[in-house]
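The values are calculated or read from the model by the stated rules, or taken from the named source; none is laboratory data. All figures in this text were calculated on a predicted structure; none of them were measured in a lab. Every residue, glycine as well, gets a Cβ built from its backbone with ideal geometry; the counts of neighbours run over all protein chains shown.
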Amino acid sequence: MNVSTRQLHAFLALAAARNFTRAAAAVHLSQPAFSALIRQLEESLGVRLFDRSTRHVELTAEGEEFERSARRVLAEFDAAWSGMRERAARERGRVSIALLPSLAADWLPAVLAGFRAAHPGIELEVADVLSEPCIEHVRSGRADFALAATRAETPELRAELFCSDGFHLVCPSGHPLAKLRDPRPRDLLPWPFIHLSRTSSVRQYIDAATHPQPLPSVLEVEQLATVAGMVRAGLGVSVVPALTLYQFRAADLAIRPIRWPGLTRRIYLVRRRDRGLSVAAQGFYDWVMARRPHPDAAGARRPPADAASARRRARA
């Protein structure tokens, strides 16, 4: 069976007008072309849909039943068509992103707010987790893409550099290390050190940069907010990425840039190789890539050059 939406529209026009001439005009066809559509439809279905006379056109019993089905089919088709056009215009859809908590807490909110203002019909889902869970979210299909400190290049995953992140010493403002402009690893050895857990990318970068002489650990914690509290209490000092410094900006804490060889954290955007992004996800990917964080030498986040114009566009 080969029935087209054009034939269904012609059928419904004739069912409503009960006249071939008026029905043909309603769908902008000549009467011969219109009659041919109705005849082809009846031949495809194998039933007569209309009783015809010189004066009247009436639906048969089969035609009345088919009319209900035709209206339902066209309504569903129109809804599907409109839905796809809205998605193509990035007015609808769903996007899921997994990313490091340090990005989710400080960089992401403004980026997300701008995207939501520009595309209010797109649903957004955020998973703020460490690098390995980020990768697993993408691998399992729970996230469209992830921002992680792991370059996950596998047969099923691909990674591209998203941004680079420097490191900074944090200590109480009156601490002797606060007087140093360029602290070296040996300068930190005499002081108790607050470490993040060994599963964190931050810890792995620091351990690699100070190998074979590890920094003396007084505490290991899971959260950077806990590190900030411990340092503020004078329990030790720490080294943290620039993108996390929003948690350490306080009058009683000092922040000093670290310039140790190899101590640069790289953040990668990870996505599936075998699966293209939906229109909504591609739109969010483009939005995110245009607003990547750029930590400067002091660890502040610099917005992209077009951030002000982007905010104006979002409000327009």
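Among the conditions (1) part of a loop (DSSP other than H, G, I, E, B); (2) crowded, with 17+ Cβ neighbours inside 10 Å; (3) at pLDDT 90 or above, Leu177 misses just one, which is (1).
In the condition set (1) part of a loop (DSSP other than H, G, I, E, B); (2) modelled with pLDDT of 95 or more, Arg198 is compliant with all but (2). In summary, Glu136 fulfils each of the numbered conditions (1) within 14 Å of the chain's Cα centre (by Cα); (2) farther than 22 Å from Val227 by Cβ with the single exception of condition (1). Among all residues of segment 202-210, there is none that is part of a loop (DSSP other than H, G, I, E, B) and exposed (fewer than 14 other Cβ atoms within 10 Å of the Cβ).
Select, from Leu169, Leu196, Leu215, Leu219, the only residue that is closer than 30 Å to Ile135 by Cα, touching a His at 6+ places or on another chain (Cβ under 8 Å) and crowded, with 18+ Cβ neighbours inside 10 Å.
On the way: Leu169 fails: touching a His at 6+ places or on another chain (Cβ under 8 Å); Leu196 fails: touching a His at 6+ places or on another chain (Cβ under 8 Å); Leu219 fails: crowded, with 18+ Cβ neighbours inside 10 Å.
Residue meeting the stated conditions: Leu215.
Listed conditions (1) among the aliphatic types (A, V, I, L, M); (2) closer than 30 Å to Glu136 by Cα; (3) touching a residue at least 40 places away in the same chain (Cβ under 8 Å); (4) assigned to a helix (DSSP H, G or I) are all met by Ala225, apart from (3). Does segment 63-86 include one or more residues that are of a type in the set (Val, Ile, Thr), at pLDDT 90 or above and more than 28 Å from the chain's Cα centre (by Cα)? No, the conditions are met nowhere in segment 63-86. Taking (1) surrounded by 20 or more Cβ atoms within 10 Å (Cβ to Cβ); (2) touching a strand residue (DSSP E or B) at 6+ places or on another chain (Cβ under 7 Å) in turn, His119 satisfies each apart from (2). Reported count of residues in segment 2-30, each being outside any helix (DSSP H, G or I) and either surrounded by 13 or more Cβ atoms within 10 Å (Cβ to Cβ) or on the phi < 0 side of the Ramachandran plot (or both), is 8.
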